[in-house]
Amino acid sequence: MLYFFGSCLFHFALFFFASRLFRKLEGGEMPELESDNNTPPQVKYDVFVSFRGEDVRDNFLSHLTEAFDRNKINTFVDDKLKTGEEIWSSLVAAIHASSISLIIFSPDYASSRWCLKELVTILECSKKYGRLVIPVFYNVQPTHVRHQSGSYKNAFTQHMKKHRTEVQLWRDALTKCADFSGIGYSKFRNDAVMVKYIVKYVMERLVKPPLNSIGLVGIEEKRAAVESLIRKEPKITRLVGIWGMGGIGKTTLAEEIFNKLQSEYEASYFLANERKESEKQGIISLKEKVFSRLLKCDVEIGTPNSLPADIVRKICQTKVLVVLDDVDDFDHIEKILGTLDNFGPGSRILITTRDKQVLNKANEIYPLEKLSSHEALHLFISKAFNQVEHQRVANKLIESVVNYAQGIPLAVKVLASLLCGKDNKEWKSLLDKLNTMPCKEIYDILKLSFDSLEFKEQEIFLDLACFFLRRHEPVDVGKLKSLLKVDESDCSMAFELGRLKDKALITISGDNIVSMHDTLQEMAWKIARDQSIKEDSRRRIRLWDSGDVWKALRNGKVEAIRSIQIDLEKIKTTKLLAHQFAKMSELKFLHVESGNSQHGRWFRSLKSKLRYLYWPGYPLKSLPTNFLAEELVILKLEGSRTEELDGVKNLVSLKEVDLSSSRCSLEALPELPPSLKALDVKRCSLEALPELPPSLITLDVRGCSSLKALPELPSSFEIVDVRGCSSLETLSGLPPCLEILHARGCSSLKALPKLPPSLETLEVKWCSSLMALPELPPSLKTLDVNRCSSLKALPELPPSLETLDVSECVSLESLPELPTSLETLKATYCRSLKVVLFPSTMADQLRENKKCVWFNGCLNLDEHCLKAIELNAQINVMKFAQNDDDVIYVNPGSSVPNWFKYKTTNDYIIIDNLSSPVLGFIFCFVFHDLSYRCCEYGIQMAISDGEGEGTATINDIWWLQGKSDQVYLRYDKKISDFLTSRAEDLARFQIRVILLEYTGIIETVVNQDLVKGFGLHPISTLTA
């Protein structure tokens, strides 16, 4: 009996459980979304798949899930439910925990009430949490789903009988889901192709947001630039390189690109630090690792220089993305990957390297630049401080650290980590340390580039860093070729400098100027010091620090010194100098600071053949007679006491001489060597120059106030600069290739010779004796005769002229017809000027380019001329304002021109209801005499509503001047845009002009009575 009772109780419990479960499956209980807030649940699965098992489980779905697994896409299908789990609540939880819901609409999908309930839950989750929904239409048309037709119509006929209350909810869900961007089976020739596409489609949408959103700075634009190179010619295989110095962010950029784009390829691999891994693992091991990953199976490769045929056969059908990071040997690319032809069409190989030569077969090279100062500051603050912590550190200290990093991301981040949480005292201590010793973490990364150089390349790099580039002055490639070569037979210097450039250790600008990043230079200084420690603690090859110089002189180990920079004021005694310098047989480069005639005596004992001598303020009257000059390339004795150079012999290698600002009577120069390319004698007392060699390219005689004439100039000269030669009375024939002539301040110059046809710039400003100009060549673009007080007329102006300055030509009475090419005309305070001839026809005036015209202070212009200026101003200001080009016209006058729509004698204008949309504003200001104070004036514009509330202002300094009433007509895009943007939302608004006075940096509002008139002309869509 007891057994019977127990059996009945068991079956009752089982019946109760089954009934409860059935009610849940039939919809009696539908669990709510997990929380009422909008915080998404934690993601556990990449994809949740909703499907009708009878249609797809054993065929299409099995292939799809296998492909998902192969591509490491974590997928939930209902076979992942564990025994004993409550089915519906587990499904809902899986939907919420999935990034993407993939709904496979098959012919029998709608017949399952279970599938329809999943669909409703998926859409609710998408709406609440922003989860992605991807419909797949498998053997069914989207219209059948959208309109519940075909097999879906039959399914809903059955649902109407049993689940009438839920039918409309399901219909709405199907209709909405069919409107999503989906994947239809009709586009694919078979299931395999469709599966491949779905996997690619899903992977693209699983890519995480770029990392720069969580800490990287300045990478977005760089990533976009490299992406554009990668996406070129999508059907062929291409190799793209990222090149730059160590620590500049090449690896980080490559990682960002790889993470974003890898889903677009059938296989991908990122090999980090190839240089190090090749040394550690060997080429064969790396090849096996790369191709095992690409082919998704283990491979064995026995040869270092080739690939087995079966691997080539498989990989040539695969579109791959491979990144090889930090490659320093081009051969490694081919040894690891083989040729580009091995890979499927559209494959991409991305290489990062410090050596441009590694990329000699690349289709594209992206040179990675350093961070801007703003980006570097942003990155540093984000790494070194929390949101308010940086307020405790002095801004000057932050600025000093960021300046030290010089835009190198590695340096910025290392310094930020070192200084995080430190106080001002510790910051100052680190900065002091960095002045003498670079940060180890930065040094170790940068030194890898140096270690990869050949010995000769290393020596050249150290010469540059420890001598030639220490003063941060321009150094020309051509000079370095002569200075750094081993001997006269050495022709390899161009190649060696090119290698340093390719290694990103130096930069060479378009005009052949060499420079080096500060952190690389500091690395070189440490290397130079360390070399002496390893070899002989008392022996140094390159010296620049005064303390190190003194130690070397005291120890007597000076025979190997190659370059030295010495400040005589910091040497404790000069008694050692003569003895020690006599021993410096290898000295090539010498830079001496300060010194008097006593200090100079030791120089006579120098026995080495210098190539470079720089001694500003050289204290002796001449170079020693025993001076070995046959290898001397550059001689710089600026500000010296030198009186003559006749005693120096064998200047056969000399290319540059700088004797500028010699303080004594350097009245003559010896015969100049045929190798000379540059001669600088500015501000010397020379009365004449010797014959100039044909090799000469640059001659600087500026400020030679005693110079009365120039010798014949070499025909190759493109620039002649005689500014400040106040005794120069004439210029002989000018070189036929001359492009620029600067003769400002030649107050004795009365006439110019015939001008060569190639001349583009003629500056004779402040030539007060110049009475006339010769015929102007047709190529002339700039003519500056400012303050030529004797000049009464100008010849015909050439059709190419763009800039004309005749300001303060007080004798000038007229201007010839202005060419349509003219953009800038300055004719201020031409008190005799009466006539200005503008282009004679309206068609020519419409073709004009004048954007900056100044006639203020021209008080004798006749009435006809003033009207012509006003008409010309109206035409050009309206024309250029409509093109958003800044324009200014200034001329004598006392009222706003009549063509302005709004004008007043007050300093403000109130505007009601502009009749059409406004694109901008043209302004006119009329000012009284502004010459009553010795200061400059500027403008502030203010806009507010009609009652003067809600004022917004913008300043723009226009440096207004004038000795009478002046009209300033102006279109300024910045101010116009500012006012237009604020006027858009105001039916009635006020614009006020405020005159500002500037004394130094002090800004003061001036008495507004000086504003005699104010005009405003809107540029509307109608006028445009």
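The values are calculated or read from the model by the stated rules, or taken from the named source; none is laboratory data. Because the structure is predicted, anything quoted here is derived from the model rather than measured. Here the Cβ positions follow ideal geometry from the backbone for every residue, glycine too, while neighbour counts run over all protein chains shown. The area values use the complete protein model at the heavy-atom level, side chains included, leaving out ligands, DNA and RNA. Shrake-Rupley method; radii C 1.70, N 1.55, O 1.52, S 1.80 Å.
Residue-level analysis places residue 801 among those that are at pLDDT 95 or above, under 11 Å from residue 761 (Cα atoms), hydrophobic (A, V, I, L, M, F, W, C) and open to solvent by less than 10 Å² (accessible area, probe 1.4 Å). Of the listed requirements (1) farther than 21 Å from residue 966 by Cα; (2) surrounded by fewer than 18 Cβ atoms within 10 Å (Cβ to Cβ); (3) at pLDDT 90 or above, residue 884 misses just one: (3). Considering only the stretch 669-679, I want to know if a residue exists there that is touching a Cys at 6+ places or on another chain (Cβ under 8 Å) and more than 25 Å from residue 584 (Cα to Cα). Among the residues of the stretch 669-679, not one is touching a Cys at 6+ places or on another chain (Cβ under 8 Å) and more than 25 Å from residue 584 (Cα to Cα), which makes the answer no. For the stretch 137-156, filtering for residues that are under 24 Å from residue 201 (Cα atoms) and not in a helix (DSSP H, G or I) leaves 5. Note on the stretch 886-926: residues that are part of a loop (DSSP other than H, G, I, E, B), farther than 21 Å from residue 983 by Cβ and of a type outside the set (Val, Ile, Thr) amount to 5. The criterion of being of a type in the set (Val, Ile, Thr) and at pLDDT 90 or above holds for residue 323.
Of all residues in the stretch 33-49, those that are within 11 Å of residue 96 (Cα to Cα) and basic (Lys, Arg) have Cβ atoms under 9 Å from Cβ atoms of residues that are assigned to a strand (DSSP E or B) and at pLDDT 90 or above, 6 or more apart or on another chain, in 44/76; 44/98.
Only one entry in 438, 409 is touching a Gly at 6+ places or on another chain (Cβ under 8 Å) and either buried (at least 20 other Cβ atoms within 10 Å of the Cβ) or under 22 Å from residue 527 (Cα atoms) (or both), namely 409. Has the stretch 678-686 got at least one residue that is farther than 22 Å from residue 480 by Cα and open to solvent by 60 Å² or more (accessible area, probe 1.4 Å)? Yes; the residues of the stretch 678-686 include at least one that is farther than 22 Å from residue 480 by Cα and open to solvent by 60 Å² or more (accessible area, probe 1.4 Å). Taken over the stretch 493-513, the residue count meeting the criterion of being surrounded by 14 or more Cβ atoms within 10 Å (Cβ to Cβ) and among the acidic types (Asp, Glu) is 2. From the list 162, 127, the lone residue that is over 30 Å from residue 200 (Cβ atoms), out of contact with any helix residue (DSSP H, G or I) (no Cβ under 8 Å at 6 or more places or on another chain), at pLDDT below 90 and not acidic (Asp, Glu) is 162.
Which residue is farthest from the chain's Cα centre (by Cα), if the candidates are limited to the stretch 497-527 and must be among the acidic types (Asp, Glu) and not in a loop (DSSP other than H, G, I, E, B)? Taking the candidates together, the pick is 522.
Selection of first residues in the stretch 885-904 that are among the polar types (S, T, N, Q) and of second residues that are open to solvent by less than 20 Å² (accessible area, probe 1.4 Å) and in a strand (DSSP E or B), restricted to Cβ pairs under 6 Å at least 6 apart or on distinct chains, gives the following pairs, ordered by first then second residue: 891/967; 895/1013; 904/1014. Only residues that are charged (D, E, K, R), part of a loop (DSSP other than H, G, I, E, B) and buried (at least 21 other Cβ atoms within 10 Å of the Cβ) were counted across the stretch 93-136, and they come to 1.
Reported count of residues in the stretch 291-304, each being assigned to a loop (DSSP other than H, G, I, E, B) and surrounded by 17 or more Cβ atoms within 10 Å (Cβ to Cβ), is 2.
Here is a yes/no grid of residues against (1) modelled with pLDDT of 90 or more; (2) closer than 23 Å to residue 818 by Cβ; (3) within 37 Å of the chain's Cα centre (by Cα):
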{"position": "707", "(1), (2), (3)": "yes, no, no"}
{"position": "735", "(1), (2), (3)": "yes, no, no"}
{"position": "781", "(1), (2), (3)": "yes, yes, yes"}
{"position": "789", "(1), (2), (3)": "yes, yes, no"}
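Scan the stretch 451-463 for residues that are under 27 Å from the mean Cα position of the chain (by Cα) and open to solvent by 10 Å² or more (accessible area, probe 1.4 Å) and the total you get is 0. Could you please give the count of residues in the stretch 412-428 that are open to solvent by 20 Å² or more (accessible area, probe 1.4 Å) and either aromatic (Phe, Trp, Tyr) or out of contact with any helix residue (DSSP H, G or I) (no Cβ under 6 Å at 6 or more places or on another chain) (or both)? The number of residues fulfilling the criteria is 9.
Any chance the stretch 156-169 includes a residue that's touching a residue at least 60 places away in the same chain (Cβ under 8 Å) and more than 21 Å from residue 62 (Cβ to Cβ)? Yes, there is a match, as at least one residue in the stretch 156-169 is touching a residue at least 60 places away in the same chain (Cβ under 8 Å) and more than 21 Å from residue 62 (Cβ to Cβ). Picking from residues in the stretch 555-582 that are of a type in the set (D, E, K, R) and buried (at least 18 other Cβ atoms within 10 Å of the Cβ), the one that is modelled with the highest pLDDT is 562. Figure legend. Inter-residue proximity from the stretch 261-285: first residues under 21 Å from residue 237 (Cα atoms) and in a strand (DSSP E or B), second residues open to solvent by 50 Å² or more (accessible area, probe 1.4 Å) and of a type in the set (S, T, N, Q), beta-carbon distance below 8 Å, spacing 6+ or different chains. Indicated pairs: 268/262. Right, residue 629: in a loop (DSSP other than H, G, I, E, B) and open to solvent by 20 Å² or more (accessible area, probe 1.4 Å) or not? Criteria not met by residue 629. None of 818, 833, 783 is open to solvent by less than 10 Å² (accessible area, probe 1.4 Å) and in contact with a Cys (Cβ under 9 Å, 6 or more places away or on another chain) except 833.
The set of residues from the stretch 933-990 being under 40 Å from the mean Cα position of the chain (by Cα), modelled with pLDDT of 60 or more, part of a strand (DSSP E or B) and buried (at least 19 other Cβ atoms within 10 Å of the Cβ) comprises 937, 939, 941, 943, 944, 968, 969, 970, 971. Somewhere in the stretch 808-825, is a residue in a loop (DSSP other than H, G, I, E, B), in contact with a strand residue (DSSP E or B) (Cβ under 8 Å, 6 or more places away or on another chain) and among the charged types (D, E, K, R)? Yes - at least one qualifying residue is present in the stretch 808-825.
In the stretch 709-733, the qualifying residues are those that are more than 43 Å from the chain's Cα centre (by Cα) and farther than 24 Å from residue 771 by Cβ, and the one that is most open to solvent (accessible area, probe 1.4 Å) is 712. Scanning the stretch 737-796 for residues that are polar (S, T, N, Q) and out of contact with any Leu (no Cβ under 8 Å at 6 or more places or on another chain) yields 747, 768, 786, 789.
In the set (1) at pLDDT 90 or above; (2) under 20 Å from residue 965 (Cα atoms); (3) not charged (D, E, K, R), the condition left unmet by residue 820 is number (2).
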